[in-house]
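Structure first, then comments.
The values are calculated or read from the model by the stated rules, or taken from the named source; none is laboratory data. Here the structure is a predicted model, which is why all the values come from computation and not from measurement. Here the Cβ positions follow ideal geometry from the backbone for every residue, glycine too, while neighbour counts run over all protein chains shown. Each accessible area value is taken on the protein alone, full model and side chains, heavy atoms only, with ligands, DNA and RNA left out. Shrake-Rupley method; radii C 1.70, N 1.55, O 1.52, S 1.80 Å.
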Amino acid sequence: MANVDLKNLTLADLEAFIAGQGKERFRARQIFKWIYQQGVIDFASMTNLSREFRAELAATACVSDLQPEVVEVSTDGTRKYLFRLEDGASVESVLIPDEGRNTLCISSQVGCAMACEFCLTGTFRFTRNLTTAEIVNQVCTVQRDAEIRNIVFMGMGEPLANLDNVVPAIKILIDNDGLQFSNRRVTVSTSGLVPELDILGASVTVNLAVSLNATTDELRDRIMPINRRYPLKELLAACKRFPLPSRRYITFEYVLIRDLNDTLDDARRLVRLVSDIPCKINLIAFNEHEGCTFRAPTQEAIDRFHKYLLDKHFTVITRASRGGDISAACGQLKGRLDKSVQGSTF
């Protein structure tokens, strides 16, 4: 049998694993701190454990690590990481600097099954869920390059379709004996899996971002097929009951696409849809990519949409495009390198 990767275990899981080996439960906390606060992956270096115990761990367990296959650095400081996994699959992470408050965007799946029409990642075939270790290791690896302030599950994949691994990963991220992120600094994004939204809210305390992108079921059915299962009424009802700590808000992400969802009528409908939900709105200009006929909105349309929401007293952020010179949009680096690999094979 393969050794147990301890990065797949929360602290509670590790305590159970250690107890199963006949050791004191407090040893789990020592190991956890070695892994996540000292960055140690070699049991021999865990010097407050007995030599005998370290040998037993080496025989039954391991601590995985990730090394980026490619790192691209933009002129604006954005860093794009491509990780090649043990089975040959690849995922991306993006480190986005913002006045010293670095945000790391991480992936939760290889590919994505949601098939959103505007999303480049959706053009990749869904392969599998990432393990808890593969999710956590994206953070551990990038932390060696730069301090990380915020974590967002907005990379490749639908996080709520992989809750069995995303929830334990979040618990490791926010554990005081683990990676020590405040739950205020961790955000999970979803395209709108309603039952899983309830499970997430009951399992961990995190920030929630919902990829909305349309104000009618007709349009959302077209560009986000998940809406056919969970239409706007059901999704927004789930947002209303999502447990939010005091003075926190749900973020609605809205990708503006020229002549599709960027009119004042769309802005008016958006206001009506979310006016009774504590929220802020992120406006994102569509990033044009090969194989998609959608076009980026004009600056005039962006400004008009933004101003209308501000005038209705919403907190609105128009997200600036970052890393345009390094394929920083989700999936661009993977797509380019995978094509290169395929091209060299034949």
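Table for the structure above
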read-out	value
Residue in segment 237-252 that is surrounded by the fewest Cβ atoms within 10 Å (Cβ to Cβ), counting only those that are under 21 Å from the mean Cα position of the chain (by Cα) and outside any loop (DSSP other than H, G, I, E, B)	I250
Filter pass, I317 being part of a strand (DSSP E or B), surrounded by fewer than 18 Cβ atoms within 10 Å (Cβ to Cβ) and of a type in the set (A, V, I, L, M, F, W, C)	yes
Filter result (touching a residue at least 40 places away in the same chain (Cβ under 8 Å) and out of contact with any Pro (no Cβ under 9 Å at 6 or more places or on another chain)) within segment 1-11	N3, V4, D5, L6, K7, L11
Pairs where the first residue, in segment 182-202, is farther than 14 Å from I250 by Cβ and assigned to a loop (DSSP other than H, G, I, E, B) and the second is open to solvent by 50 Å² or more (accessible area, probe 1.4 Å) and modelled with pLDDT under 95, C-beta under 8 Å, 6+ apart	none
Set A44, A146: member being in contact with a helix residue (DSSP H, G or I) (Cβ under 9 Å, 6 or more places away or on another chain) and over 26 Å from S211 (Cα atoms)	A44
Members of segment 18-53 found to be over 23 Å from Q143 (Cα atoms) and in contact with a Ser or Thr (Cβ under 9 Å, 6 or more places away or on another chain), listed by number	Q21
Residues of segment 201-219 that turn out to be under 22 Å from the mean Cα position of the chain (by Cα) and either at pLDDT below 95 or more than 19 Å from K280 (Cβ to Cβ) (or both), as a count	3
Top-ranked residue of segment 269-298 - restricted to ones that are touching a helix residue (DSSP H, G or I) at 6+ places or on another chain (Cβ under 7 Å) and assigned to a strand (DSSP E or B), ranked as most open to solvent (accessible area, probe 1.4 Å)	A285
Qualifying residue in segment 257-268 (condition: surrounded by fewer than 17 Cβ atoms within 10 Å (Cβ to Cβ) and closer than 23 Å to R184 by Cβ)	no
Enumeration of residues in segment 1-15 that are under 21 Å from Q180 (Cα atoms) and either in a loop (DSSP other than H, G, I, E, B) or over 30 Å from the mean Cα position of the chain (by Cα) (or both)	L9, T10
Wholly enclosed strands (runs of 3 or more DSSP E) of segment 67-170 bearing at least 2 residues open to solvent by less than 10 Å² (accessible area, probe 1.4 Å) and among the aromatic types (F, W, Y)	79-84
Tally, over segment 16-40, of residues that are assigned to a helix (DSSP H, G or I) and either without any contact (Cβ under 8 Å) to a residue 12 or more places away in the chain or more than 17 Å from L179 (Cα to Cα) (or both)	7
